[in-house]
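Here's the structure, in structure tokens; my notes come after.
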Amino acid sequence: MTRSFLRPRRAALLLAGALLLAAGCSAGSTASPGGSAGQGGGATTLRVGLAAEPANLDFTRTDGAAIPEALLVNVYEGLVKVNQETGEIEPLLAESWTVSPDGRTYDFTLRKGVTFSSGEAFTADDVKFSIERVKSADWTVSLKSGMNVVQSVEVVSPTQARVVLSEPSNSWLFRMTTRIGAMFDPSGVGDLANTPVGTGPYSVAEFRRGDALVLRERDGYWGQRPPIREVTLRYFKDPTAMTNALLTDGIDVVATVQAPESLAQFEGDSRFRVIEGTTNGEVTLAMNNASGPTGDVRVRRAIAMAIDHKAVLDTAWAGRGALIDTMVPPTDPWYEPLPDVTPYDPAAARALLAEAGTPNLTLRFRIANLPYAVAAAQVVQSQLAAVGIDAQIEPLEFPARWLEQAFTNADYDLSIVAHVEPRDIATFGSPQYYWRYDNPDVARLLAEADSGSADQQVADLKQVGRIIAEDAAADWLFLIPNLMVVDADVQGLPQNRIGESLDLTTISRA
């Protein structure tokens, strides 16, 4: 059946990674970050404040969300993309596609007249190159495993590409909306860390570490011209500094509110609008399942039961957001509330610690030095102290030290970071992922969910969600909301963020 768009086949997406920040070096011309955008009157420049700064511009070799947040859809495009509001899969570089009755063969019809920012034409050869490159040693991020199911890619014609899977996969097309589905120019992959080459409406004009990334409209884009011609993404480690920048006309958008208590000064002020929606970003208390005291399920359950999650949300995030009980946000089809699995019960927590022979614990609480993580950690530390656990907070510079020590080496007992990749419950199927959780039943259910029917997928993933909650494989503090504050004339920002990209192509100014 030919489809101009396809609903996402309900899937568990094996997506690794934590919300990562950091920076990079200059890549291009000399646009001036932070210059005045002007107010109203159809202004064609925009300055956006963000907290998550890229370490470089190469998401093929650097884990985390900051790089695709800035570049995916805006600079790089895939065959398909996810609608941020509905979660549906929509055409992008593929204008349509068909799926064989056995669910293994995808035939994509590509748009004509598409070029890369290098001037090279985009063809089916680039589809083959891009997909096969994900499966090669050139891609090193753990997300690449999402392409393991691809058996072959065939160039049928310059505008026809055929992808054959080794087995049916409910999740593969959805994975193609993420960074692993980005299309690359074979002649433009020599310096991805500094010089991205994509088919999107923007190209990178400048990237200055610790300051800003400037995206500028490029000539020859195949699609509709973006209303905003130049976007400066400015990065702030201090949430107060970001707020002050908006108040003093240093930026036009706070795209990631890091201090929800600051919203009161904007609500009711006609100069600004506050946008509140949802995300799939789970603020997660990671627990090392393979070593140290947290290798004991009784200790992990005690930790989960010692935490008053509503108090964490109220204190760390001003009560905005939602409570979740496992690695499944309400926007996923397999969402199921599980409030009774590890309820707040300090007495039961103390009893479990005594049963485990660890009534007085000292744990290394190595967190990302991000505002939400620090605020949440302080509340959790206090609550754990009430049951006899001394959680010693050690903020790690984010992303470099946190990525190396916690994420890569799993050198921690407890950690906190927001996991923003969509449908990331399947990270619990990988024993090498940083929580080092190894449960063969979970791995089996995840595999069966991906290859089975849609109904089986939902049932299997609900079961996975329950098992990891019962095992206290991690503890889920809250679901971070999508909170933005924008100048009143800024229009078109999506209310929800349920994909990897901050889609700048829909934004305009009155």
Task: Identity of the residue in the stretch 51-80, under 16 Å from Ser130 (Cα atoms) and of a type in the set (D, E, K, R), that ends up most open to solvent (accessible area, probe 1.4 Å) - done: Arg61
Task: Those residues of the stretch 478-493 which are open to solvent by 20 Å² or more (accessible area, probe 1.4 Å) and at negative phi, in sequence order - done: Ile480, Ala488, Asp489, Gln491, Leu493
Open item on the list: Among the residues that make up the stretch 197-218, is at least one of them modelled with pLDDT under 95, within 23 Å of Ala488 (Cα to Cα) and not aliphatic (A, V, I, L, M)?
Closed with: no
TODO: Give the stretch 459-473 a look and list any residue that's in contact with a helix residue (DSSP H, G or I) (Cβ under 8 Å, 6 or more places away or on another chain) and either open to solvent by less than 50 Å² (accessible area, probe 1.4 Å) or at pLDDT below 95 (or both), or say none.
DONE: Asp460, Leu461, Val464, Gly465, Ile467, Ile468, Asp471, Ala472, Ala473
Task: Exclusive hit being closer than 30 Å to Ala459 by Cβ, among the β-branched types (Val, Ile, Thr) and at pLDDT 95 or above, set Val420, Val387, Val380, Val442 - done: Val442
- [ ] Could you tell me whether Val283 is assigned to a strand (DSSP E or B) and either aromatic (Phe, Trp, Tyr) or surrounded by fewer than 18 Cβ atoms within 10 Å (Cβ to Cβ) (or both)?
- [x] no
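Rundown of residues vs (1) within 20 Å of Ala354 (Cα to Cα); (2) surrounded by 15 or more Cβ atoms within 10 Å (Cβ to Cβ); (3) among the β-branched types (Val, Ile, Thr), yes/no style:
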site	(1), (2), (3)
Ala373	no, yes, no
Gln383	yes, yes, no
Ala391	yes, yes, no
Leu396	no, yes, no
Gln405	no, yes, no
Ile416	no, yes, yes
Open item on the list: Out of Ala43, Ala52, I need the residue that is over 27 Å from Ala510 (Cβ atoms), modelled with pLDDT under 95, touching a strand residue (DSSP E or B) at 6+ places or on another chain (Cβ under 8 Å) and part of a loop (DSSP other than H, G, I, E, B). Which one?
Closed with: Ala52
- [ ] Report, by residue number, each residue of the stretch 326-358 that is in contact with a Ser or Thr (Cβ under 7 Å, 6 or more places away or on another chain) and modelled with pLDDT of 95 or more.
- [x] Leu338
Task: Count - residues of the stretch 418-440 that are surrounded by fewer than 19 Cβ atoms within 10 Å (Cβ to Cβ) and of a type in the set (D, E, K, R) - done: 2
Task: Residue list for the stretch 150-169, filter: open to solvent by less than 10 Å² (accessible area, probe 1.4 Å) and not in a strand (DSSP E or B) - done: Ser169
Task: Thr195 being β-branched (Val, Ile, Thr) and open to solvent by less than 10 Å² (accessible area, probe 1.4 Å) - done: no
Task: All positions within the stretch 294-326 that are open to solvent by 40 Å² or more (accessible area, probe 1.4 Å) and assigned to a helix (DSSP H, G or I) - done: Val297, Arg298, Arg301, Lys310, Asp314, Thr315
Task: Conditions (1) in contact with a His (Cβ under 7 Å, 6 or more places away or on another chain); (2) farther than 21 Å from Ile416 by Cα: number failed by Asp487 - done: (1)
TODO: Just need a number here: residues in the stretch 222-242 that are within 20 Å of the chain's Cα centre (by Cα) and charged (D, E, K, R).
DONE: 2
TODO: Select from the stretch 103-149 the residues that are part of a strand (DSSP E or B) and open to solvent by less than 10 Å² (accessible area, probe 1.4 Å) and list them in ascending order.
DONE: Tyr106, Phe108, Leu110
- [ ] Would you point out the residue of the stretch 441-458, among those that are of a type in the set (S, T, N, Q) and part of a helix (DSSP H, G or I), that is surrounded by the most Cβ atoms within 10 Å (Cβ to Cβ)?
- [x] Gln457
Task: Count of residues meeting criterion [hydrophobic (A, V, I, L, M, F, W, C) and within 19 Å of the chain's Cα centre (by Cα)] in the stretch 452-510 - done: 12
- [ ] Would you tally the residues in the stretch 282-318 being small (Gly, Ala, Ser) and free of Cβ contacts under 8 Å to residues at least 40 places away in the same chain?
- [x] 1
- [ ] Could you grab me the full set of residues in the stretch 213-241 that are among the small types (Gly, Ala, Ser) and either part of a loop (DSSP other than H, G, I, E, B) or more than 18 Å from Val253 (Cβ to Cβ) (or both)?
- [x] Gly220, Gly223
TODO: Residue by residue through the stretch 177-192, note down the ones that are open to solvent by less than 20 Å² (accessible area, probe 1.4 Å) and either among the basic types (Lys, Arg) or in contact with a helix residue (DSSP H, G or I) (Cβ under 6 Å, 6 or more places away or on another chain) (or both).
DONE: Arg179, Ile180, Met183, Phe184
Task: Per-region count, the stretch 242-258, residues part of a helix (DSSP H, G or I) and either in contact with an Asp or Glu (Cβ under 6 Å, 6 or more places away or on another chain) or open to solvent by less than 20 Å² (accessible area, probe 1.4 Å) (or both) - done: 4
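The values are calculated or read from the model by the stated rules, or taken from the named source; none is laboratory data. Predicted model only: the values in this text are computed from it and were never measured. Neighbour counts run over all protein chains shown; Cβ positions are idealised from the backbone, glycine included. The accessibility values were calculated without ligands, DNA or RNA, using every heavy atom of the protein model including side chains. Shrake-Rupley method; radii C 1.70, N 1.55, O 1.52, S 1.80 Å.
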